[in-house]
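Please read the structure below before turning to the comments.
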Number of protein chains: 2
Amino acid sequence: MSTVLPPGVSRAAFNKACEEFRAIVGREWVFTDETALAPYRDPYYPGDPMEHTPSGTVAPINVEQVQGVLKVANRHGIPVWAVSGGKNFAYGGAAPAMSGSLVLDLNRMKKIEVNEEMAYAIVEPGVTYFDLFNHLQERKSRLWVDPPQPGWGSVIGNTLDRGLGYTAYADHSSSYCGLEVVLADGSLMRTGMGAQEDNPTWALYRYGFGPGVDGLFQQSNLGVVTRMGVWLMPAPETFAVVQGWVPNEADVIPLIDTVRELRIADVMPPSTITNFLRGMTSATTKAQWHKGEGAIPAETVERMKVEFKRGSWGVRFGLYGNEDVVAAKLKVINAELSKIQGYTSKATRYKRGDKVAGGDLLWAGTPVLSFGSLSWIEGVGAHVDQSPILPMSGQFVHDFLREKTELLRQHGFDHFVSIFNTSPRIAVNTASLVFDKSNPEQQRRVLTTGHELIRHAAKYHLGMYRGHLVDMDLAAGQFNFGNHAMQRFYERLKDTLDPKGILSPGKQGVWPKSLRTARKGGAR
Amino acid sequence: MSTVLPPGVSRAAFNKACEEFRAIVGREWVFTDETALAPYRDPYYPGDPMEHTPSGTVAPINVEQVQGVLKVANRHGIPVWAVSGGKNFAYGGAAPAMSGSLVLDLNRMKKIEVNEEMAYAIVEPGVTYFDLFNHLQERKSRLWVDPPQPGWGSVIGNTLDRGLGYTAYADHSSSYCGLEVVLADGSLMRTGMGAQEDNPTWALYRYGFGPGVDGLFQQSNLGVVTRMGVWLMPAPETFAVVQGWVPNEADVIPLIDTVRELRIADVMPPSTITNFLRGMTSATTKAQWHKGEGAIPAETVERMKVEFKRGSWGVRFGLYGNEDVVAAKLKVINAELSKIQGYTSKATRYKRGDKVAGGDLLWAGTPVLSFGSLSWIEGVGAHVDQSPILPMSGQFVHDFLREKTELLRQHGFDHFVSIFNTSPRIAVNTASLVFDKSNPEQQRRVLTTGHELIRHAAKYHLGMYRGHLVDMDLAAGQFNFGNHAMQRFYERLKDTLDPKGILSPGKQGVWPKSLRTARKGGAR
């Protein structure tokens, strides 16, 4: 028996609703006992886990069952927290924003359709990057996936939360096309060209006729996505995975500016830029260099750079296609980046079908299971991410990150910098607070430091790329133009499309009317 | 004094509202007399112009005036039809869907801000492609525009109606970023990162935090866009404009398939594919080859092909960037397209700053004023477009277009085919019914044939890319999944965001509650 209930719902009413859910999905697919609910807690949660405790879970297997569940939820006023794969680790996992929500677990919906000619797949929410990859391998498809790291998450879940990958299709928000959505009232619609029955361009043309609504269902609690088209890149004839390094901290200025120009000129595809310390998390452990609490000292980092013969910043990307085109692009890229004194790089070249080195798999459309920075520290590794969007402008990035390093150091955290340059003009600055989950003092520091990181970004008028459960409201609260006009717009949509407020209350700081007092830490 | 009034509004009430509009925008910027309203009629309208007659126009000069106008419109229940430039020719010009609407003319809002480093501009609705181009020329900017043809239209207007261009930024719907929107109640918001005050990534990162709403304001009557970010391509080091030809009608099959693969492999940027007759509209006139009414006979077309030494299908595109990269790409493209027997091509190469030939200007970021097909016929040339979205699949495109040629021939129209391959997997099949506006019989035929073209596309389960006033409702009515679930969703949004139904009623087939009976020709 679950320890929490939805707000304002009696145990008896909850039990009655669960009986109705069981009638829809089958007895074995509704869980309310504590043991079964454990996987729906956030394994990296830094605070009191009771803050985000589900009252139960229900796991439908098809769209009709999803519709049925939402109709019952509406009737009984049971809030449901929809998760596709629930692997949203570092942002809250499968745990709901509001305790007492029932997790709507879509993991069992695993259908995949592939169109080889037009190079896309249509997937259900339970399909992970591994599932899709394996499916493509089995049918000897010519198509790649673009996996995030780790690749165990849902393709739909990652895309709807605006996840990022590594290949030419790294900006997942620009390579999905066509949604099937169950609205809060249980009604079904298809977006874009799918709004026309049997339209063959549903997964090909993104815009439809009339207003475009796909964006409404990203980082959203306005509907439950049950199918999605995703464009897939055909395995290229040849490809090269390139790793470059620049020696000094301040070289990030020309590095960022040069990459921006190469990206805008369509010579360089999406790239990731990382600081030295981020690269070290897979090469060594903190304990080998620094004992005790607190951030690793700057002098030690400099000593490590000498020892590992690595520069202060790395840039990594793939180049895909015809051999001559790849070679010509690489020549331009090397010429431009070599204007930074001390730039070094190596390119590993592959032909279609070659065996790919482990470290290059992500750039070759192959999902991997690795948890990067978690082994850096001792204890039970976990991390929480606050990731602002920066302009791809060297001086700005340099100044912002330098101040952020100081802030993190004051709070005893090492600064791991990753920049996903998924669109030419922006830098998604994913950043992890890595901590030992078994250490309550570290947990507390993660919570307060996370909030400070959001306020620090706001000082630069920057907003976040996603929101962790612990600071979703705070992150949403920074969007203050017109006295939070955007938030009010979201609330108007929410109140119209989900008047009972049963769908994922609190997701991305959007609360239904009845629960708006639950919002915490926002600026409003 | 205007001949029509908004439905249900008395002359006295209308006059009173106009006085209030004058108090906001100045006396000289509200027009209600017939002479001043003439430019707000659709100059290419094929039917009774009284069907789409404005009651007046109001022309604010800044966002505060737009807000004021909408507040007054709400109070008096005056429907306003928002136009940016009003040059939406072939789809209705500046004319409103519903007679009696007051045109909200945003032409006077002409501010431009340019960011050279990050390669974008923020424009107001009155800024045309020529305005932006001239502004960039004057400040000796490194940045190009991507003009549609003709280039006299508004950048915002074209983009919001999902217009298309010719360079690497041809898909205008994927190269705008960040909107400022006045909602129907007169409230103001900024979307994406602009929802945060002074956020430097407003025009850089498209998605924002929480649901993405930008799409809601394309082909829409849910808000009035008063500012928009638009990405601009820096003038490339070198570029080549390439024109290829394939000899036979059936060669469109391998042509489409090859272009799709080259596009997906990121070797070829956006391209336009045209049939022989489309190319002829700028080279000769119909009268030189065919006398009298009716479509030009197939045998004559074959004779013309011999005479002009041109193939049945042309493909045209630009290649941009470093000289070696361009050369390597062109080599791959030529190798692939040369697998089609009889493929010929010529490439014109330019360096940055070179004088560009007239016919290549569109591919060099330079707007032109040309009206393509209008001189093909005798009389007063006009055209109406019905443009379905096709999958970029050779056999499908071939079969569909062959049947469409027959249908047009039966109705006495020549078939001009343009395919804008702005995204790798789709073919926007823009198609013009060219007619003599002074000929009532031709006008009637345009109306009936336009409707048939939409129904013909629907037989293939295809929808339209835009909608002309004469068949917007019919085009919207084809989106029939879930018994028109998308339309109902639009209506829910409309009724919430514009409860009085004053904003552009009927735009793209979306009518406010009070006027839903005005919908004509839809399938519902």
Quiz item: Of B:346, B:305, A:87, which has the most accessible area with a 1.4 Å probe, and how do the rest follow in descending order?
Solution: B:346, A:87, B:305
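Using a cut-off of 14 Å between beta-carbons, work out the net charge of the residues near residue B:31 (Lys and Arg +1, Asp and Glu -1, residue B:31 not included).
On the way: positive: B:22, B:27, B:41, B:108; negative: B:19, B:28, B:33, B:34, B:105.
Local charge sum for residue B:31: -1.
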Quiz item: When all protein chains stay in place, what accessible area (Å², nearest 10, 1.4 Å probe) is found for residue B:160?
Solution: 20 Å²
Self-check item: Rounded to whole Hz, the Karplus (6.51, -1.76, 1.60) HN-Hα couplings of region B:22-36, x for glycine and proline
Solution: 4, 5, 7, 9, x, 4, 6, 10, 10, 10, 9, 8, 3, 4, 5
Exercise. Restricting things to alpha carbons, tell me how big region B:154-269 is in terms of Rg and Dmax, in Å.
Key: 18.4, 57
Exercise. Give the ranking of A:408, A:515 by solvent-accessible surface, highest area first, calculated with a 1.4 Å probe.
Key: A:515, A:408
Quiz item: Along the positive direction of the dipole of region B:325-474 (beta-carbon charges: Lys, Arg +1; Asp, Glu -1; about the Cα centre), which of B:383, B:438, B:332 reaches farthest?
Solution: B:332
Self-check item: Amide hydrogen neighbours beyond the local backbone of residue B:102, cut-off 5 Å, H modeled
Solution: B:55, B:80, B:81
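How big is the charge dipole of the protein assembly as shown about its Cα centre, in debye rounded to the nearest 20, if each Lys and Arg gets +1 on its Cβ and each Asp and Glu gets -1 on its Cβ? Kindly include the intermediate steps, with their values, before the conclusion.
Details: 112 positive and 106 negative charges, 87 e Å.
Magnitude of the dipole: close to 420 debye.
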Quiz item: Could you state the number of Å between the C-alpha centres of region A:270-333 and region B:217-268?
Solution: 37 Å
Quiz prompt | In Hz, Karplus ³J(HN,Hα) per residue of region A:481-486 (6.51, -1.76, 1.60; θ = phi - 60°; x = Gly, Pro) | solution = 4, x, 6, 6, 4, 5
Self-check item: Subset of A:329/B:339; B:437/B:507; B:110/B:140; A:87/A:346; A:309/A:331 violating a 30 Å alpha-carbon distance limit
Solution: A:87/A:346
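Which percent of the accessible area of region A:269-421 is formed by carbon and sulfur heavy atoms (probe 1.4 angstrom)?
Ligands and nucleic acids excluded, carbon and sulfur give 52 percent.
Considering only region B:1-111, what is the antiparallel percent among its DSSP beta bridges, to the nearest 5? The partial results should precede the final answer.
On the way: 2 of 9 bridges.
Bridges in region B:1-111 that DSSP calls antiparallel: roughly 20 percent.
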Quiz prompt | Pairwise label distance in nanometres, residue B:492 with residue B:282, each label 7 Å out on the Cα-Cβ vector | solution = 4.7 nm
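In region B:388-453, which GluC sites (Glu not before Pro) are in a loop and have at most 15 other Cβ atoms within 10 Å, using DSSP for the loop call? Mind dumping the intermediate values first?
Numbers: sites: B:403, B:406, B:441, B:452; in loops: none.
Loop-located and lightly packed - none at all.
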Exercise. For B:5, B:474, give the ranking by accessible area with the largest first, probe 1.4 Å.
Key: B:5, B:474
Quiz item: What are the residues whose amide H is under 5 Å from the amide H of residue B:144, where those residues sit 5 or more places off or on another chain and H is modelled from the backbone?
Solution: B:233, B:235
Practice problem: Name the long-range amide H neighbours of residue A:86: under 5 Å, sequence gap of 5 or more, or other chain; modelled H, no Pro or chain starts. | Solution: A:154
Self-check item: In order through region A:321-335: 3J(HN,Hα) via Karplus (6.51 cos²θ - 1.76 cosθ + 1.60), integer Hz, x for Gly, Pro
Solution: x, 4, 4, 5, 5, 4, 5, 5, 5, 4, 4, 4, 4, 4, 4
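Lys and Arg at +1, Asp and Glu at -1: add these up for the other residues within a Cβ distance under 15 Å of residue B:359 and post the number. Intermediate results must be reported in sequence, preceding the final value.
Values: positive: B:278, B:310, B:316, B:346, B:349, B:355; negative: B:354, B:360.
Within the 15 Å Cβ shell, the charges total +4.
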Exercise. Shortest first and in nm with one decimal, please list how far the residue A:8 label point sits from its counterparts in the other copies (point 7 Å along Cα→Cβ).
Key: 3.3
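List the trypsin sites (Lys or Arg not before Pro) in region A:202-296 that DSSP assigns to loop (not H, G, I, E or B) and whose Cβ has at most 14 other Cβ atoms within 10 Å. Which are they? Could the numbers behind the result be given before it?
Values: sites: A:206, A:227, A:260, A:263, A:278, A:286, A:291; in loops: A:206, A:291.
Passing both the DSSP loop test and the Cβ count: A:291.
From other protein chains only, count the Cβ atoms within 10 Å of every residue's Cβ in B:260-268, then give the mean. Intermediate values should be presented prior to the final figure.
Numbers: counts 3, 3, 0, 0, 6, 10, 8, 3, 0.
Across the residues of B:260-268, the mean count of other-chain Cβ atoms within 10 Å is 4.
Per Stokes-Einstein, at 37 °C and 0.692 mPa s, what whole-number D in µm² s⁻¹ belongs to region A:342-383, with the Kirkwood radius over Cα pairs as the hydrodynamic radius? All intermediate terms of the calculation are to be shown ahead of the outcome.
Details: Rh = 13.3 Å.
Calculated translational D: 247 µm²/s.
I'd like the mean, over residues of A:395-402, of how many other protein chain beta carbons sit within 10 Å of each residue's own Cβ. Don't skip to the answer; put the middle values down first.
Values: counts 1, 2, 0, 0, 0, 0, 0, 0.
The shielding value for this peptide is 0.
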Quiz item: Regarding chain A, what whole-number volume in Å³ per residue does the convex hull of its Cα atoms give?
Solution: 147 Å³
Quiz item: Based on DSSP H runs of at least 4 residues, each adding -39500 (n - 2.57), what is the mean residue ellipticity at 222 nm of chain A after dividing by all its residues, to the nearest 500 deg cm²/dmol?
Solution: -9000 deg cm²/dmol
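The values are calculated or read from the model by the stated rules, or taken from the named source; none is laboratory data. Note that the structure is a prediction, hence the values are computed from the model and not measured. We place every Cβ from the backbone using ideal geometry, glycine too, and count neighbours over all the protein chains shown. Side chains are part of the model used for accessible areas, which takes the heavy atoms of the whole protein and leaves out ligands, DNA and RNA. Shrake-Rupley method; radii C 1.70, N 1.55, O 1.52, S 1.80 Å.
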